[in-house]
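Step one of this worksheet: look at the structure below.
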Amino acid sequence: MTISAVKFGLGIAGAVVLADQATKALALALLEPYRPVAVLAFFDLRLAFNPGAAFSLFANGGGWQRWLLSAVALAVSVYLIHWLRGLSRADRLQATGVSFVLGGAIGNLIDRLWHGVVIDFIDLHAAGWHWPAFNIADSAITLGVVAILASAWREWRQARTQA
């Protein structure tokens, strides 16, 4: 007996949410805001709070962005669950990608609703240049998009070779 793409996807999304929220709880408990803790020459743990979207877009919005971005995350999550419902179990790469994006969206949605901001703590840097701080949810969204694109590319190649 095989499990459906929805059950498979919701399991992955749930694991992403749990990992995201657990690491954010640890960051809140163990790190001081905006004080870096060196891990490697290019990697620090640095607790930061992002009231905006990716790369702090809309961060200075005055509060409206919390609700708009929460509504967008909720709408995207509903759409992603609908997408999962249309996939077969054989579409494992695409289902995994959609599930990672779903888990990341929900993880950051929880932050917005509970804290009013998204909690970030991963700080990559080199030669004085810092990538914007991010978290496990952000990483899952990025990996999920890569998996979705890889799945689409694979389908395109298969269709092209069969034509």
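The values are calculated or read from the model by the stated rules, or taken from the named source; none is laboratory data. Since we're looking at a predicted model, the values are computed, not measured. Quick reminder, even Gly has a Cβ in these numbers, built from the backbone with ideal geometry, and neighbours come from all protein chains shown.
Quick look at the numbers
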quantity: Filtered residue count, segment 125-163, keeping only those that are assigned to a helix (DSSP H, G or I), more than 9 Å from the chain's Cα centre (by Cα) and of a type in the set (A, V, I, L, M, F, W, C); calculated: 10
quantity: Any hit, segment 145-155, residues being out of contact with any Pro (no Cβ under 9 Å at 6 or more places or on another chain), modelled with pLDDT of 95 or more and within 30 Å of TYR34 (Cβ to Cβ); calculated: yes
quantity: Matching residues in segment 1-48 - criterion: being of a type in the set (Phe, Trp, Tyr) and either in a helix (DSSP H, G or I) or free of Cβ contacts under 8 Å to residues at least 60 places away in the same chain (or both); calculated: PHE8, TYR34
quantity: Counted residues, segment 143-159 - those being touching a residue at least 24 places away in the same chain (Cβ under 8 Å), surrounded by fewer than 16 Cβ atoms within 10 Å (Cβ to Cβ) and not aliphatic (A, V, I, L, M); calculated: 1
quantity: Options ASP120, ASP111; residue that is under 16 Å from GLN21 (Cβ atoms) and either part of a helix (DSSP H, G or I) or of a type in the set (Gly, Ala, Ser) (or both); calculated: ASP111
quantity: Residue, nearest to VAL118 (Cα to Cα), within segment 1-26, restricted to residues that are at pLDDT 95 or above and among the polar types (S, T, N, Q); calculated: GLN21
quantity: Residue within segment 45-55 that is of a type in the set (Lys, Arg) and either at pLDDT 95 or above or touching a Cys at 6+ places or on another chain (Cβ under 8 Å) (or both) present; calculated: yes
